[in-house]
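Structure first, commentary second.
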């Protein structure tokens, strides 16, 4: 009670500068984030122009094209890669986060995870090309040791895409998990054991519910960028690992079918937003604040995001 | 417990090896004499070439720095004010602002890139370093906003009331109380924005125009259209650069916080 | 020095008159027709449980909230239309609200710097006020380096340097531990004596309010239940709520059987006839509540010699004795099952009474002068 009248009362009165302070953010994000999304929605219902762009003739062609089996295959491939890479990432990240949180040399371990993470995204992809490429380190090694007579083609397939995706996004999953597990009071596990829970039971019933926020953040920060991946499949993928991101770019720059590119973008947007909403709901939070007491419209979601922002930004 | 922790230890060690190995290979290869993959001998020639004979690379680097600093500055100013508004003041569209500062963070980069490209061409804005700047402000803003907000949430509203009670006007409250106490959040927001901007490839790829190549774009075309071992040397320099930059900003932030 | 170093109590400050103030947050009525008159230089407490409206009232006085109706007059002038800094009123906040980026000195100097006072004046005056709160040695520290009590004192100095005519204190001691709270309370009292301005003190702790206030307003659910000196509030509570909220008490319902002057005879279930004092005696046959403080009851093994007029005697069995060092508390059950709380101070060597133990049959006695009629129910 003490807090809310304060916020509402004095701060909301006439002459409150809140609106003034908020205006630049509202303007910028509305014009340069929301308006572009709205245009994408609009374009997806229009006819492609001859050399990119659109003609203002409404049509559902773009959505008919999406229903086409060849697109469905790309979508399916995207889902398989995203789920697979996310699952592998999470399976590695949870024990890593746990080990780091329990360690007495946290700063050192954090550095070990962070240095690869700080390295430029493209350099990280490139490093794998340097290793797995036809003239790469691994082939060099195999030929030098006589294990292979000619270079093996490691790159340009789904396996390489998954490997590089896991490599790229692993730190995004480890960091939020580490910081949540670090805050967990491990005497609770002992309390649960004391009260008769089995070792696994204690972990399931006490540890996991308490680090749910971190798991959720880790999942979102891995799954979403992987689902919309573009550069990784472009650089290390082949025909079997063509993903929706590549499809959008090709429609936009090669086929010049902007409505179709818009429609696919819209599908990705909807899938990610729905995924986030469902996950947050499963986590027991109504996303847009429900009753609307005006306090915090996206509590769990924004705290997860803030968390991620801090895990990523704060540790940079 | 014992067994479990040895399991997690094994996973962790494996992960560290997995994360570091590719970078170590890059370091090794950057000293390779030969232009092709095989190791032929130690040489610094790629470093020499990097620093003395790569004008395009350095132009790209210059572009990256310009975009990073300017977009981080603008995003920090706008985002900080937005966070102050959301944390401490009531205004119309408050919920809306919270939502649109959250959404860009959950959307894949490609969506932001594509939608901005379509938008720029729709309003007839020619793609250039300026459009790259606009795009970078857009994706940096939410990060600054959330980092500053996280800092502000540590304070009770009564600190604003105290300032008002002691005779400060709204502007004085902003300048003498709110901005100083949020400074650690503002600085880490700015530095995060700089790094995210230097790092960005996907969004930049879509909204860049002729002559507006940034360093990641340069690296991309080098990978795509013929790898020169200069890239190995560049990678090592970039790794060292980011590590040094991050390490010093961390210490700087600690210093600020302790002050 | 501004606050007049001499010992004599200077009375400055303002009268504060609160008239028919109403305030609600949505459906919640925070203040329901509240009227209070506070005298110049008074140490006045607003006492009540959390959510009773006391903080809201304080925030209205400070200018952080506006009431829906009513008036707030400082020395006869309506101040509701003035902003917080236009009222000669300053606030000490519950959680101190110190500026973390400024030193102790700069926190105290904050308002003078805003006024662009000359540096020499700032130095002199801040030094004076730091001396008042005994923090001269800590001027250069940051708030994070101070203890809770020290932070509190910075907050007080910072609020006083503006020379307000009214100082508002919002639960200033609630974040301190019990011992420090006692100490700060004495210090607050002495600062009040030195400065002589009106202090309005919000608290939920009746001990705090009783020990420092000149007068207290007890509030509950947005209403003022009683205004009076600590003695009046403690000994003659105006309502059942006040009786229960202030200190420990025994509170019962009874029927009025006879009235003579200010003494009223009540028929109490389980006690028989009890004589109590009533300033405005109700008619015979009324249903009333009455109270007797536990420490006003004498406990003994013998039936008391009731030679004096107006001594009530009740017998019972000790249900539960609770020893707590300097005193003992007894829960005594009368034959019909009523329970009375009795507190006995542990006296010196001259006290020859026998030890009273569990299951002892005892006699309780108290004077009609100490027992008060509280509310007339019907």
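The values are calculated or read from the model by the stated rules, or taken from the named source; none is laboratory data. Predicted model, so just to flag it, every value in this text is computed and none were measured. Don't worry about glycine lacking a Cβ; one is built from the backbone with ideal geometry, like all the others, and counts go over all protein chains shown.
Key figures for this structure:
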item: Residues of region B:24-41 satisfying the condition of being modelled with pLDDT of 90 or more and not in a helix (DSSP H, G or I); result: B:31
item: Qualifying position, being surrounded by fewer than 23 Cβ atoms within 10 Å (Cβ to Cβ) and more than 10 Å from chain A (Cβ to nearest Cβ), among B:223, B:187, B:239; result: B:187
item: All helices (runs of 4 or more DSSP H) inside region B:118-173 with 2 or more residues being more than 10 Å from chain A (Cβ to nearest Cβ) and surrounded by fewer than 24 Cβ atoms within 10 Å (Cβ to Cβ); result: B:129-152
item: Complete set of residues in region B:14-43 that are more than 9 Å from every other protein chain (Cβ to nearest Cβ) and farther than 21 Å from residue A:126 by Cβ; result: B:41, B:42
item: Some residue of region C:108-117 being within 14 Å of chain B (Cβ to nearest Cβ), in a loop (DSSP other than H, G, I, E, B) and on the phi > 0 side of the Ramachandran plot; result: yes
item: Residue within region C:23-30 that is buried (at least 24 other Cβ atoms within 10 Å of the Cβ) and either out of contact with any strand residue (DSSP E or B) (no Cβ under 8 Å at 6 or more places or on another chain) or under 23 Å from residue B:170 (Cα atoms) (or both) present; result: no
item: Test for residue B:81: is it farther than 27 Å from residue A:127 by Cβ, assigned to a helix (DSSP H, G or I) and either in contact (Cβ under 8 Å) with a residue 24 or more places away in the chain or out of contact with any helix residue (DSSP H, G or I) (no Cβ under 9 Å at 6 or more places or on another chain) (or both); result: no
item: Flag if residue A:125 is in contact (Cβ under 8 Å) with a residue 24 or more places away in the chain, at the interface with another protein chain (Cβ under 9 Å from one of its Cβ atoms) and either more than 21 Å from residue A:246 (Cβ to Cβ) or not in a loop (DSSP other than H, G, I, E, B) (or both); result: yes
item: Members of region A:91-109 that are more than 8 Å from chain B (Cβ to nearest Cβ) and surrounded by 18 or more Cβ atoms within 10 Å (Cβ to Cβ); result: A:93, A:94, A:97, A:101, A:103
item: Tally of residues being surrounded by fewer than 16 Cβ atoms within 10 Å (Cβ to Cβ), outside any loop (DSSP other than H, G, I, E, B) and touching a strand residue (DSSP E or B) at 6+ places or on another chain (Cβ under 9 Å) across region C:72-107; result: 1
item: For residue B:181: the one exception among (1) farther than 23 Å from residue B:76 by Cα; (2) more than 10 Å from chain A (Cβ to nearest Cβ); (3) in a helix (DSSP H, G or I); (4) in contact (Cβ under 8 Å) with a residue 24 or more places away in the chain; result: (1)
item: Test: residue in region A:137-158 that is in a helix (DSSP H, G or I), within 13 Å of chain B (Cβ to nearest Cβ) and within 28 Å of residue A:223 (Cα to Cα); result: no
item: Yes/no for residue C:218 being at negative phi and outside any helix (DSSP H, G or I); result: yes
item: Condition met for residue B:188 (part of a helix (DSSP H, G or I) and within 30 Å of residue A:249 (Cβ to Cβ)); result: no
item: Some residue of region B:224-236 being more than 27 Å from residue B:118 (Cβ to Cβ), in contact (Cβ under 8 Å) with a residue 24 or more places away in the chain and in contact with a strand residue (DSSP E or B) (Cβ under 8 Å, 6 or more places away or on another chain); result: yes
item: Selected residue (criterion: modelled with the lowest pLDDT) from residues of region B:62-102 that are closer than 28 Å to residue B:216 by Cα and facing chain A (nearest Cβ under 7 Å); result: B:102
item: Unique residue being touching a strand residue (DSSP E or B) at 6+ places or on another chain (Cβ under 9 Å), closer than 18 Å to residue C:366 by Cβ and buried (at least 17 other Cβ atoms within 10 Å of the Cβ) when the list is C:245, C:271; result: C:271
item: Members of region B:152-161 that are free of Cβ contacts under 8 Å to residues at least 60 places away in the same chain and touching a helix residue (DSSP H, G or I) at 6+ places or on another chain (Cβ under 8 Å); result: B:155, B:156, B:158, B:159, B:161
item: Helices (runs of 4 or more DSSP H) fully within region A:170-258 counting 2 or more residues that are within 13 Å of the chain's Cα centre (by Cα); result: A:212-227
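Every residue, every condition in (1) closer than 21 Å to residue C:281 by Cβ; (2) free of Cβ contacts under 8 Å to residues at least 12 places away in the same chain; (3) in a strand (DSSP E or B); (4) within 30 Å of the chain's Cα centre (by Cα), yes or no:
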residue: C:234; (1), (2), (3), (4): no, no, no, yes
residue: C:237; (1), (2), (3), (4): yes, no, no, yes
residue: C:243; (1), (2), (3), (4): yes, no, no, yes
residue: C:248; (1), (2), (3), (4): no, no, no, yes
residue: C:251; (1), (2), (3), (4): yes, no, yes, yes
residue: C:256; (1), (2), (3), (4): yes, no, yes, no
residue: C:259; (1), (2), (3), (4): yes, no, yes, no
residue: C:264; (1), (2), (3), (4): yes, no, yes, yes
